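The structure appears right after this line, and notes come after that.
The values are calculated or read from the model by the stated rules, or taken from the named source; none is laboratory data. As the structure is a computational prediction, the values presented were derived from the model and not from experiment. With ideal geometry, Cβ positions are generated from the backbone for all residues, glycine too; neighbour counts draw on all protein chains shown. Calculation scope for accessible area: heavy atoms of the full protein, side chains included, ligands and nucleic acids excluded. Shrake-Rupley method; radii C 1.70, N 1.55, O 1.52, S 1.80 Å.
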Amino acid sequence: MHSFKCGAPVLDFVGTLRARRNAVPTEMLISPESLEAWFRESGLVDADTPCGPSHLRQAIALREAVYRLVVATLAGDHYDADALAVVNDTARTPSAVPQLVQRGNRRVEATPEQALSSIARQAVQLLGGPEAALLKECSRGECTQVYLDRSHGSRREWCAMDPCGNRIKAAAYRARKRTEARAASPTRPSR
């Protein structure tokens with residue numbers, strides 16, 4: 001099951017590789033079926049999008065290219081030319097197209113290439129638009145999720161309360177309790 005907490009599907013897609021700074025990051029796109037599930041769970045498509053190993057490789061290449069562009073945006077650096085080319089080339093493919101079906105319902109079906117194009121186009125829109133200024137990386141050191149901070153006063157510190165906010169708050173609570181315990185314990189006179 002995939003997680004959607006970053007404020008934009010393209011950032012949730014980037015987050016399918018979790019804890020990037022760990023010796024062994026957690027890969028969520030482990031098979032073509034997991035990519036199909038991500039497409040469905042994200043709401044990008046409403047029907048199955050049969051994926052193969054080559055689509056998984058394309059998806060991971062796109063994810064890593066978008067991540068490099070996001071990191072460059074956060075640092076105020078120039079974009080990596082290869083990452084830029086991957087995103088722009090993928091965005092050139094026709095994207096998923098919503099269709100109106102009976103009773104005013106909407107349905108989106110797409111090939112894997114169209115679904116990936118939709119993600120690349122979201123990256124172009126996000127990084128090339130005003131919301132790029134809202135990008136932040138989670139402040140929990142082990143987490144590398146990037147999210148949009150739409151909070152009042154831009155004061156959000158972590159990608160989500162569960163698990164990151166809870167872990168940070170619990171660590172701060174334990175540190176306060178240790179400090180209080182040390183302050184309350186009697187000191188021994190020196191001899």
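In segment 35-51, how many are in contact (Cβ under 8 Å) with a residue 24 or more places away in the chain and surrounded by fewer than 19 Cβ atoms within 10 Å (Cβ to Cβ)?
Total satisfying the criteria: 7.
What is the one condition in (1) modelled with pLDDT under 90; (2) open to solvent by 20 Å² or more (accessible area, probe 1.4 Å); (3) within 14 Å of the chain's Cα centre (by Cα) that Gln122 does not satisfy?
Of (1) modelled with pLDDT under 90; (2) open to solvent by 20 Å² or more (accessible area, probe 1.4 Å); (3) within 14 Å of the chain's Cα centre (by Cα), only one is false for Gln122: (1).
Collect the residues in segment 17-40 that are touching a helix residue (DSSP H, G or I) at 6+ places or on another chain (Cβ under 6 Å) and of a type outside the set (A, V, I, L, M, F, W, C), keeping them in residue-number order.
Across segment 17-40, the qualifying residue is only Pro32.
If you take the residues in segment 1-34 that are open to solvent by 50 Å² or more (accessible area, probe 1.4 Å) and of a type in the set (Asp, Glu), which one is nearest to Leu62 (Cα to Cα)?
Residue satisfying both the conditions and the ranking: Glu27.
Would you please list the contacts, defined by Cβ atoms under 6 Å and residues six or more apart or on different chains, that run from a residue in segment 69-84 that is of a type outside the set (Gly, Ala, Ser) to a residue that is in a loop (DSSP other than H, G, I, E, B)?
Leu69/Tyr79
Being under 15 Å from Val108 (Cβ atoms) and more than 18 Å from the chain's Cα centre (by Cα) is true for just one of Ala85, Ala91, Ala96, Ala81. Which residue is that?
Only one candidate qualifies: Ala96.
Which members of segment 13-27 meet the condition of being at pLDDT below 95, outside any strand (DSSP E or B) and not polar (S, T, N, Q)?
Passing the criteria: Gly15, Ala19, Arg20, Arg21, Ala23, Val24, Pro25.
Does segment 97-107 include one or more residues that are open to solvent by less than 50 Å² (accessible area, probe 1.4 Å) and of a type in the set (Gly, Ala, Ser)?
No, segment 97-107 contains no residue that is open to solvent by less than 50 Å² (accessible area, probe 1.4 Å) and of a type in the set (Gly, Ala, Ser).
Give the residue that is surrounded by the most Cβ atoms within 10 Å (Cβ to Cβ), with candidates limited to residues of segment 131-150 that are over 23 Å from Gly43 (Cβ atoms) and without any contact (Cβ under 8 Å) to a residue 60 or more places away in the chain.
Arg140
Is one or more of the residues making up segment 70-85 within 29 Å of Glu157 (Cα to Cα), loosely packed, with under 15 Cβ neighbours inside 10 Å and in contact with an Asp or Glu (Cβ under 8 Å, 6 or more places away or on another chain)?
Step one: list which residues in segment 70-85 are within 29 Å of Glu157 (Cα to Cα), which gives 70-80, 83-84.
Retained after the next criterion (residues that are loosely packed, with under 15 Cβ neighbours inside 10 Å): 74-78, 80.
After this cut, where a residue has to be in contact with an Asp or Glu (Cβ under 8 Å, 6 or more places away or on another chain) as well, the list is 74.
Checking segment 70-85: at least one residue is within 29 Å of Glu157 (Cα to Cα), loosely packed, with under 15 Cβ neighbours inside 10 Å and in contact with an Asp or Glu (Cβ under 8 Å, 6 or more places away or on another chain).
Taking segment 93-115 only, how many residues are assigned to a helix (DSSP H, G or I) and closer than 25 Å to Ser31 by Cα?
Qualifying residue count for the region: 4.
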